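> Quick one: the structure is below, and I'll ask about it shortly.
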Amino acid sequence: MKGAFFYVDAGKGHFTPATALCDSFKAQGNEGEVLNIFKIAKSPFWNWYCKDSWRFQLHHPGFENFLNTIWDTHFSAFLMKMIVKYHHSMNKEFMKWYTKEQPDFLLCTNFLGGIILPGLIAKNHLNIPSYVYAADVFNNPTAGTNKKITKLYIPTELGRENAIKNGQLPEQVTLCPFPLKMNLQEFKAINRIEARRKLGLNENKFTVLLNLGGEGIGETSLVKELAKLNLDFQIIVLGNLSVTTTSKYKRFAKNNPNFDIILPGFVNNIGDYICACDIQAGKAGANSLMESLYLERPFLISQLLYAAHATLDFFKKHNVGWVENNVVKQAMILKQYKESAEEQKQMAENLAKLKISFDTMAFCTQIVKDTHKFAQNHTKRTF
């Protein structure tokens with residue numbers, strides 16, 4: 001079977017699951033390719049807009065929340081449908097690619113795929129399933145709701161409920177395992193001391209993993225507050241740090257030589273770092289959050305973006321983390337957690353009880369089965 005795994009260049013949160021799924025899909029003996037949907041359709045404006053506007057929003061989270069609150073509507077979905085329907089060159093370039101590659105299904109890890117893929121399929125009279133993976137895990141934006149898709153895959157019950165509330169048909173919304181990257185799927189968890197020893201960290205210090213995500217954009221406000229309180233923490237800052245963010249953290253380290261801060265940047269062994277920490281913190285990127293839950297570490301969301309608002313409901317129900325935008329309160333959460341053995345014990349129990357599946361191979365098998373079922377119902381095509 002041959003699959004096309006599309007993403008939108010609006011942060012690593014969409015590229016990462018597309019890559020994870022494609023790698024596992026090929027490991028099962030299939031053909032697959034990870035593709036930027038706007039590059040395939042040769043739409044440079046939309047590619048630029050998605051990439052640069054997202055990075056701008058990360059630098060200005062208040063604006064991100066304001067803009068997306070206004071934009072995330074069914075009317076926005078309608079406008080995007082019209083753009084796809086009447087965008088002649090987009091349809092023409094997509095068909096050039098499709099005619100050459102002949103995939104058996106189309107899957108997109110960005111909600112925009114829920115509008116774009118069915119539009120391209122309908123406009124070009126194709127008979128192929130269109131799948132969307134809801135990368136936000138606890139919700140799928142209203143602007144991505146479309147009853148013309150074949151399936152919307154989402155890893156949580158809360159996410160399924162929210163997608164249906166937003167207008168997606170219940171029979172279209174299917175629970176799926178969370179698609180871990182292959183190196184993490186194969187990773188064997190180790191205890192904190194062993195992980196810290198492996199990474200050359202202080203074995204006895206309370207450790208916070210500050211994950212700035214694939215874009216590596218963030219402030220030093222939390223570490224400044226921790227330094228001001230003279231807390232004996234070990235802070236690890238991960239991410240492909242932007243130039244401005246790198247400069248801020250290097251300046252902080254220079255001005256606070258006695259504060260234990262480590263800046264590994266982007267790493268390929270994220271599992272070791274999560275195992276080494278007591279708490280992971282950062283903006284509510286779904287991949288970072290879910291990887292933390294997979295390895296049973298609580299998460300402090302220090303910057304709540306619009307798409308992650310449903311995480312509040314998840315945390316309230318399961319008590320596996322905190323959401324706090326105020327830096328002073330963030331520091332107090334970390335301090336109190338460090339000092340409370342009872343709270344740490346309860347958190348460990350809550351994390352162990354979570355009923356979320358993490359199995360990329362099983363997700364790929366699910367896609368294959370759904371594609372066979374689609375073929376049986378719509379065509380005599382065989383694989």
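The values are calculated or read from the model by the stated rules, or taken from the named source; none is laboratory data. Computed from a prediction, not measured in an experiment: that's the story for all the values here. As a convention, Cβ positions derive from the backbone with ideal geometry for all residues, glycine included, and neighbour counts pool all protein chains shown.
> Could you tell me whether any residue of region 200-218 is part of a helix (DSSP H, G or I) and hydroxyl-bearing (Ser, Thr, Tyr)? Spell out how you get there, then give the answer.
Pass one, region 200-218, residues part of a helix (DSSP H, G or I): none.
The answer is no, given that none of the residues of region 200-218 is part of a helix (DSSP H, G or I) and hydroxyl-bearing (Ser, Thr, Tyr).
> Continuing with this model, one more query. It is to be established whether one or more residues within region 188-202 are surrounded by 22 or more Cβ atoms within 10 Å (Cβ to Cβ) and acidic (Asp, Glu).
Filtering region 188-202 down to residues surrounded by 22 or more Cβ atoms within 10 Å (Cβ to Cβ) leaves 195-196.
This time we only want the ones that are acidic (Asp, Glu), so: none.
For region 188-202, residues surrounded by 22 or more Cβ atoms within 10 Å (Cβ to Cβ) and acidic (Asp, Glu): absent.
> Let me ask something else. LEU226 - would you say it is assigned to a strand (DSSP E or B), of a type in the set (A, V, I, L, M) and touching a strand residue (DSSP E or B) at 6+ places or on another chain (Cβ under 9 Å)? Full working, then the answer.
Working: assigned to a strand (DSSP E or B): no; of a type in the set (A, V, I, L, M): yes; touching a strand residue (DSSP E or B) at 6+ places or on another chain (Cβ under 9 Å): yes.
So LEU226 fails the test.
> Being part of a loop (DSSP other than H, G, I, E, B) and touching a Ser or Thr at 6+ places or on another chain (Cβ under 6 Å) is the filter; apply it to region 140-151 and report the residue that is nearest to MET361 (Cα to Cα). Break it down stepwise before answering.
Within region 140-151, the subset part of a loop (DSSP other than H, G, I, E, B) is 140-141, 145-150.
Adding the requirement that they be touching a Ser or Thr at 6+ places or on another chain (Cβ under 6 Å) leaves 149-150.
Numbers: ILE149: 23, THR150: 20 Å.
The qualifying residue nearest to MET361 (Cα to Cα) is THR150.
> Please count how many residues of region 117-135 are closer than 21 Å to VAL34 by Cβ, among the hydrophobic types (A, V, I, L, M, F, W, C) and assigned to a helix (DSSP H, G or I).
Result for region 117-135: 3.
> Identify, please: which residue in region 1-12 is in contact with an Asp or Glu (Cβ under 8 Å, 6 or more places away or on another chain) and either of a type in the set (A, V, I, L, M, F, W, C) or modelled with pLDDT under 95 (or both) and is, among those, nearest to TRP54 (Cα to Cα)?
Residues of region 1-12 that are in contact with an Asp or Glu (Cβ under 8 Å, 6 or more places away or on another chain), as a first pass: 1-5, 11-12.
Next, from what is left, pick out any that are either of a type in the set (A, V, I, L, M, F, W, C) or modelled with pLDDT under 95 (or both): 1, 4-5, 11-12.
Values: MET1: 34, ALA4: 24, PHE5: 21, GLY11: 7, LYS12: 11 Å.
Here the answer is GLY11.
> Within region 259-293, take every residue that is over 13 Å from the mean Cα position of the chain (by Cα) and part of a loop (DSSP other than H, G, I, E, B) and give me the one that is surrounded by the fewest Cβ atoms within 10 Å (Cβ to Cβ).
ASN268
Conditions tested, residue by residue: (1) assigned by TED's automatic domain parsing to the domain that holds ILE367; (2) part of a loop (DSSP other than H, G, I, E, B); (3) of a type outside the set (A, V, I, L, M); (4) under 15 Å from LEU295 (Cβ atoms).
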| residue | (1), (2), (3), (4) |
| --- | --- |
| TYR153 | yes, no, yes, no |
| GLY159 | yes, no, yes, no |
| GLY167 | yes, yes, yes, no |
| GLU171 | yes, no, yes, no |
| ILE190 | no, yes, no, yes |
| ALA195 | no, no, no, yes |
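> Find the helices (runs of 4 or more DSSP H) located wholly in region 47-116 whose residues include 3 or more that are aromatic (Phe, Trp, Tyr) and without any contact (Cβ under 8 Å) to a residue 12 or more places away in the chain, and list them.
Numbers: elements: 61-71, 74-86, 88-101.
Once the helices (runs of 4 or more DSSP H) in region 47-116 are filtered for at least 3 residues that are aromatic (Phe, Trp, Tyr) and without any contact (Cβ under 8 Å) to a residue 12 or more places away in the chain, what remains is 74-86.
> Need the failing condition index for CYS364 against (1) closer than 30 Å to GLY3 by Cα; (2) crowded, with 19+ Cβ neighbours inside 10 Å; (3) modelled with pLDDT under 95, just the number.
(3)
> Moving on. So ALA331 fits all but one of (1) out of contact with any helix residue (DSSP H, G or I) (no Cβ under 6 Å at 6 or more places or on another chain); (2) of a type in the set (Gly, Ala, Ser); (3) buried (at least 18 other Cβ atoms within 10 Å of the Cβ); what number is the exception?
(1)
> While we're here: Looking at the structure I just gave you, is PHE6 in contact with a Gly (Cβ under 8 Å, 6 or more places away or on another chain) and not in a helix (DSSP H, G or I)?
On the way: in contact with a Gly (Cβ under 8 Å, 6 or more places away or on another chain): yes; not in a helix (DSSP H, G or I): yes.
Taking the combined requirement at face value, the residue satisfies it.
> Turning to a different aspect of this structure: Return yes when GLU339 is buried (at least 22 other Cβ atoms within 10 Å of the Cβ), outside the structural domain of LEU21 (by TED's automatic domain parsing), of a type in the set (Asp, Glu) and at pLDDT below 95 and no when it is not. Quick ask: steps written out before the conclusion?
Numbers: buried (at least 22 other Cβ atoms within 10 Å of the Cβ): no; outside the structural domain of LEU21 (by TED's automatic domain parsing): yes; of a type in the set (Asp, Glu): yes; at pLDDT below 95: yes.
When the stated conditions are applied, GLU339 does not pass them.
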